[in-house]
């Protein structure tokens, strides 16, 4: 074999080994630690602080409205939730404030990176909210000082939900909330005979461990009831602008 060919094969072998090594747990750990250091540096340089003291009057009013919706829904079904679903209390969760420090270049990925992680008490699959009670998404990845948030617009996100009823004798309509084309969210698999109305609020049901009942997902903007189908569906309007989110709250079990 010629010397030049040996050199080429040697370079290719080094590149192949480097590629394979990048997928090892050690390499992943190195990447996470590097990212943590970048997050800590950015937080220090730009002086990110926990949100809470700089809310505008409009933001405070929106937060109060969402909180009232959550409290109303929880009050109506309090006994049922505690006895049947064993749902965790919303107020019993630990609220961890964090800043959004990165967004994907491809917005259809529907993910945010925040500047809090394991060291600050954040774990995987925990619910993330904005304005106190509006669901943004869930923690999908976490490292020491940062975490990735998978939003409700992500194609892999699905949440069981139900409508908020104002009549204590009425039955909420239940369904599954999923992303549609990563641009809007729909509530599907709703029984055909369930009562729905435009403007009706939709909240989370509990998964029995990390998702408390009553987090506001949004309100119904339109209803579709195709003929000869057992289910109906509704388009859900989010109570916030996903592109304008700068700070969030992670709900962690105490």
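Here are the numbers:
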quantity	calculated
Any strands (runs of 3 or more DSSP E) falling wholly within region 141-254 and containing at least 3 residues that are more than 28 Å from residue 123 (Cα to Cα)	184-191, 216-224, 231-237
So residue 182, is it in the same structural domain as residue 93 (by TED's automatic domain parsing), within 24 Å of residue 99 (Cα to Cα) and in contact (Cβ under 8 Å) with a residue 12 or more places away in the chain	yes
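The rows are residues; the columns are (1) closer than 24 Å to residue 100 by Cβ; (2) crowded, with 21+ Cβ neighbours inside 10 Å; (3) touching a strand residue (DSSP E or B) at 6+ places or on another chain (Cβ under 9 Å).
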| site | (1), (2), (3) |
| --- | --- |
| 118 | yes, no, yes |
| 129 | yes, yes, yes |
| 137 | yes, yes, yes |
| 151 | yes, yes, yes |
| 160 | no, no, yes |
| 163 | no, yes, yes |
| 173 | no, yes, yes |
| 178 | yes, no, yes |
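The values are calculated or read from the model by the stated rules, or taken from the named source; none is laboratory data. Just so it is clear, the structure is predicted and the values come from calculations on it, not from any experiment. Glycine gets a Cβ as well: all are built from the backbone with ideal geometry, and neighbour counts include every protein chain shown.
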